[in-house]
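The values are calculated or read from the model by the stated rules, or taken from the named source; none is laboratory data. These figures come from a predicted structure and were not determined experimentally. Note: ideal-geometry Cβ built from the backbone for every residue, glycine included; neighbour counts use all protein chains shown. Ligands, DNA and RNA are stripped out before the accessible areas are found, and what is left, the full protein with its side chains, is counted by its heavy atoms. Shrake-Rupley method; radii C 1.70, N 1.55, O 1.52, S 1.80 Å.
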Amino acid sequence: MLRSLNINPDKCTGCLQCEMACSFENEGVFNPAKSRIKIFTFHDEGRFVPYTCTQCDEAWCLHACPVEAIKMNKETGAMEVLDAVCVGCKVCTIACPFGTVNYNQTTGKVIKCDLCGGDPQCAAACPTEAITYVDADATGLEKMRAWASKTDNQAHAN
Amino acid sequence: MTYVVVGTGPAGVVAAETLCQIDPANQVMLVGDEPEPPYSRMAIPYLLIKNIDEQGTYLRKDPEHFGNSIKHLYGIAQSVDAESKILHLADGQRMNYKALLVATGSKPILPPVPGIDGERVTTCWTLEDARKITATLSPGASVLLIGAGFIGCIILEALVSSGANLTVVEMGDRMVPRMLNQTSGELLKQWCEEKGVNVMTSAQVESIEHHPDKSIVNISDNRQVEAELVISAAGVRSNADFLDGTGVELKNGAVAVDRHMCSSIPGIYAAGDAACGLDFSTGDYSVQAVQPTAVEHGRIAAANMVKHGSVLHQGCINMNVLDTIGLISVSYGNWQGVAGGDHTSLLDRDRFRYINLQFSEDTLIGANTLGMTQHVGILRGLIQGQFKLGKWKQRLVDNPLLIMEAYLAATQGA
């Protein structure tokens, strides 16, 4: 059963536990600036929106990579960056229309959400269930992926 | 029947793979004119700084990848008999095709100045060029780079880190004039100068004199620079010469394709740098010569080679990302702006940070950034989604860094 992150902004309190957990899991430090999930704050609307990669079907990042450094993990469905292969050309960072692949100047490689190999720490750390990791069919995944269609370059004639 | 793909860059390889996927019953022949496995020119700068070896530049790492269903062979396309659907190679081989893809990419243009054909002058385009440059670079060597365009800039780091004394001569009035606006192009020049590079803009190489131990490069306004190595990165042009006599229509030196990536001759398609394809932003046809466009062209062309009319190209957004000795610049779409449009920008000159957004009414249509590495792809999402920004337009005008928030507001009503 494929699972995916389900994000419900209405439940987010902006505590940033998810960013801390992500940064610690992936970079070994508690530094929200190094997190692959980000909380965007809308002061005027009094709203927090967690945001990260939806592992979209189009996989713009994977297709744009010139050296096969992004591959799909068949177990989790996540697009994963292979650090040893990534040359740091950053083409994926501009090709991803969701802005969820970022360049890490310290390592010279790109980073993106890989669902922590199937145990996403952001979801584990979220105290309000604003981020959950659930059966892909039951989530708003389809809705999230519908955004992708707005940037789909290949409209089918039929 | 066989599909023949000429060219082993990203457009050709992705097209060959797509053909294989959707029509596995037919053989795909992938013809390349370099004696290497298919590799990425994008990776050459990282080979020059020794972050990777040659294998690291290969488009596909599995040596068996081009085996049975996709047959990769070495050959130079010489001519096409469109009537009989035969591709002729320089070695006399004839290849019958069901559909032909011209994915022959582009090649460097050498500025027509005396001495450009000398032994100390090289381009930086192929793996063979990279080997030559690596063999010549040494600490203290004097290197002159002709052109501060995309290729020139992306190899600067390798040249600087080798300890070479570096001079760059650029015809335009700023660096990367075809990708960066005045402010960012000038700031990038300043960045390079602070890294010890001698940058001459609005300057032209007039001649190169070759002497036994060095070359002397004569530059406009009576300037002279000594060089042990001259690297010419003065632009590229499409490889389409072998189509002479076929009746295939060219535009801007590349194959003019329709929205099915088909040329003026049925059965002959084109993709990547060799194709003059639809530009999403301008609605016009142009040669974008960038990796993401090559890949999209390849996939769409392949689908139409199998079943003509099956996929309609919506146009590619021109986009570029460039790392010049650690300063990262990005351009998207109509970064120059359009008549009747407006723009906003934010500049931190001391930290080399810059963002410029171009709008048409309340829609984002283009952007330039310097020093930005987080969520930069959202600019593509905003431009290609053609979202009406409403009140977020003014919020962006006031603070252009709120691009993620503007996107979330447009897509999730945040």
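Do you know which residues across the range B:9-48 are under 25 Å from residue B:326 (Cβ atoms) and open to solvent by less than 50 Å² (accessible area, probe 1.4 Å)?
Within the range B:9-48, B:39, B:40, B:42, B:43, B:44, B:45, B:46, B:47, B:48 qualify.
Need the failing condition index for residue B:244 against (1) over 30 Å from residue B:114 (Cα atoms); (2) at pLDDT below 95, just the number.
(1)
Would you tally the residues in the range B:145-165 being open to solvent by 10 Å² or more (accessible area, probe 1.4 Å) and not small (Gly, Ala, Ser)?
Residues flagged as open to solvent by 10 Å² or more (accessible area, probe 1.4 Å) and not small (Gly, Ala, Ser) within the range B:145-165 amount to 7.
Just for strands (runs of 3 or more DSSP E) wholly inside the range B:305-408: which have at least 1 residues that are of a type in the set (A, V, I, L, M) and within 14 Å of chain A (Cβ to nearest Cβ)?
Filter on the range B:305-408 gives B:311-313, B:319-324, B:327-333, B:353-360, B:363-370.
So if I check each of B:168, B:225, which one is open to solvent by less than 10 Å² (accessible area, probe 1.4 Å) and at pLDDT 95 or above?
B:168
The rows are residues; the columns are (1) open to solvent by less than 30 Å² (accessible area, probe 1.4 Å); (2) over 23 Å from the mean Cα position of the chain (by Cα).
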{"residue": "B:187", "(1), (2)": "yes, no"}
{"residue": "B:192", "(1), (2)": "yes, no"}
{"residue": "B:212", "(1), (2)": "no, yes"}
{"residue": "B:236", "(1), (2)": "no, no"}
{"residue": "B:240", "(1), (2)": "yes, no"}
{"residue": "B:244", "(1), (2)": "no, yes"}
{"residue": "B:250", "(1), (2)": "no, no"}
{"residue": "B:254", "(1), (2)": "yes, no"}
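Here is a list: B:135, B:141, B:99. Which entry is among the small types (Gly, Ala, Ser), under 30 Å from residue B:265 (Cβ atoms) and over 19 Å from the mean Cα position of the chain (by Cα)?
B:99
Do you know which residues across the range A:93-125 are among the hydrophobic types (A, V, I, L, M, F, W, C) and within 8 Å of chain B (Cβ to nearest Cβ)?
Answer for the range A:93-125, where residues must be among the hydrophobic types (A, V, I, L, M, F, W, C) and within 8 Å of chain B (Cβ to nearest Cβ): A:94, A:95, A:96, A:98, A:101.
Among the residues of the range B:171-185, which ones are more than 21 Å from residue B:125 (Cβ to Cβ) and open to solvent by less than 20 Å² (accessible area, probe 1.4 Å)?
Scanning the range B:171-185 gives B:180, B:184, B:185.
Does residue B:72 fit the bill of being in a strand (DSSP E or B), free of Cβ contacts under 8 Å to residues at least 40 places away in the same chain and in contact with a strand residue (DSSP E or B) (Cβ under 6 Å, 6 or more places away or on another chain)?
Spelling it out, it is not the case that residue B:72 is in a strand (DSSP E or B), free of Cβ contacts under 8 Å to residues at least 40 places away in the same chain and in contact with a strand residue (DSSP E or B) (Cβ under 6 Å, 6 or more places away or on another chain).
Here's the yes/no breakdown for (1) within 14 Å of chain B (Cβ to nearest Cβ); (2) touching a residue at least 60 places away in the same chain (Cβ under 8 Å); (3) of a type in the set (Ser, Thr, Tyr); (4) closer than 20 Å to residue B:373 by Cα:
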residue: A:2; (1), (2), (3), (4): no, yes, no, no
residue: A:5; (1), (2), (3), (4): no, yes, no, no
residue: A:8; (1), (2), (3), (4): yes, yes, no, no
residue: A:12; (1), (2), (3), (4): yes, yes, no, no
residue: A:27; (1), (2), (3), (4): no, no, no, yes
residue: A:31; (1), (2), (3), (4): yes, no, no, yes
residue: A:37; (1), (2), (3), (4): yes, yes, no, yes
residue: A:41; (1), (2), (3), (4): yes, no, yes, yes
residue: A:46; (1), (2), (3), (4): yes, no, no, no
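Within the range B:348-361, track down each residue that is touching a Leu at 6+ places or on another chain (Cβ under 9 Å) and crowded, with 16+ Cβ neighbours inside 10 Å.
Hits for the range B:348-361 are B:352, B:353, B:354, B:355, B:356, B:357, B:358, B:359.
Could you pull out the residue among B:129, B:117 that is under 18 Å from the mean Cα position of the chain (by Cα) and surrounded by fewer than 23 Cβ atoms within 10 Å (Cβ to Cβ)?
Going through B:129, B:117 in turn, just one is under 18 Å from the mean Cα position of the chain (by Cα) and surrounded by fewer than 23 Cβ atoms within 10 Å (Cβ to Cβ): B:129.
From A:49, A:101, which residue is at pLDDT 95 or above, aliphatic (A, V, I, L, M), surrounded by 21 or more Cβ atoms within 10 Å (Cβ to Cβ) and more than 12 Å from the chain's Cα centre (by Cα)?
Criteria check complete, one pass: A:49.
Only helices (runs of 4 or more DSSP H) wholly contained in the range B:83-175 count here; list those with 2 or more residues that are on the phi > 0 side of the Ramachandran plot and in contact (Cβ under 8 Å) with a residue 24 or more places away in the chain.
In the range B:83-175, no matching helices (runs of 4 or more DSSP H) lie anywhere.
Going residue by residue through the range B:222-232, is there one that turns out to be of a type outside the set (Lys, Arg), outside any loop (DSSP other than H, G, I, E, B) and within 16 Å of residue B:5 (Cα to Cα)?
Checked the range B:222-232: no residue is of a type outside the set (Lys, Arg), outside any loop (DSSP other than H, G, I, E, B) and within 16 Å of residue B:5 (Cα to Cα).
Counting only residues that are under 20 Å from residue B:14 (Cα atoms), in a loop (DSSP other than H, G, I, E, B) and away from every other protein chain (no Cβ under 14 Å), which one in the range B:256-292 is most open to solvent (accessible area, probe 1.4 Å)?
Here the residue is B:287.
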